[in-house]
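Comments concern the structure below.
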């Protein structure tokens, strides 16, 4: 009886792990036209308009090689998301800004959403993960 219970428990856990992988996708992000290879690129994945540019759902640091950076957000569920990024040229893990609050370091967003007299809008930057992995490009 104990053996049967152990086998059933194993099968349940194994099937649960497979089910999680079936509903999780990757978002590959390539950032081009980076001015130089100094520092790092910090990339944030946001999962709602309320969290946009406030609370990152997932964050990654990317290495720059020849003006390009590529990162992969793994195990992302179906849903609506947006990405913001910045070139942390001095590697201080902060987006440096001037006295008026405008970024001194290069920034970018999914869909190349423009920052017009303020940060990019969620509605312009958002995209949908729906049953398949995605490849996105951000141009600095």
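No value in this document is a laboratory result; all are computed from the given coordinates. Keep in mind that what you see is a predicted model, and the values were worked out from it rather than measured. A quick note on method: Cβ atoms are made from the backbone with ideal geometry, for glycine too, and the neighbour counts reach across all protein chains shown.
The figures follow:
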| quantity | calculated |
| --- | --- |
| Peptides 131-140, 93-102 ordered by average Cβ neighbours within 10 Å, highest first | 131-140, 93-102 |
| Exposure proxy order (Cβ contacts within 10 Å, fewest to most) of 109, 91 | 91, 109 |
| Cα pair distances exceeding 21 angstrom across the chain, given as percent | 49 |
| Neighbour-count ranking [beta-carbon atoms within 10 angstrom, fewest first] of 25, 86 | 25, 86 |
| Rounded to 10°, Cα long-axis angle of helix 2-22 versus longest principal axis of the chain | 30 |
| Fraction of beta bridges assigned by DSSP in the chain that are antiparallel (%, nearest 5) | 80 |
| Label-point separation in nm, residue 130 to residue 117, each point 7 Å along Cα→Cβ | 3.4 |
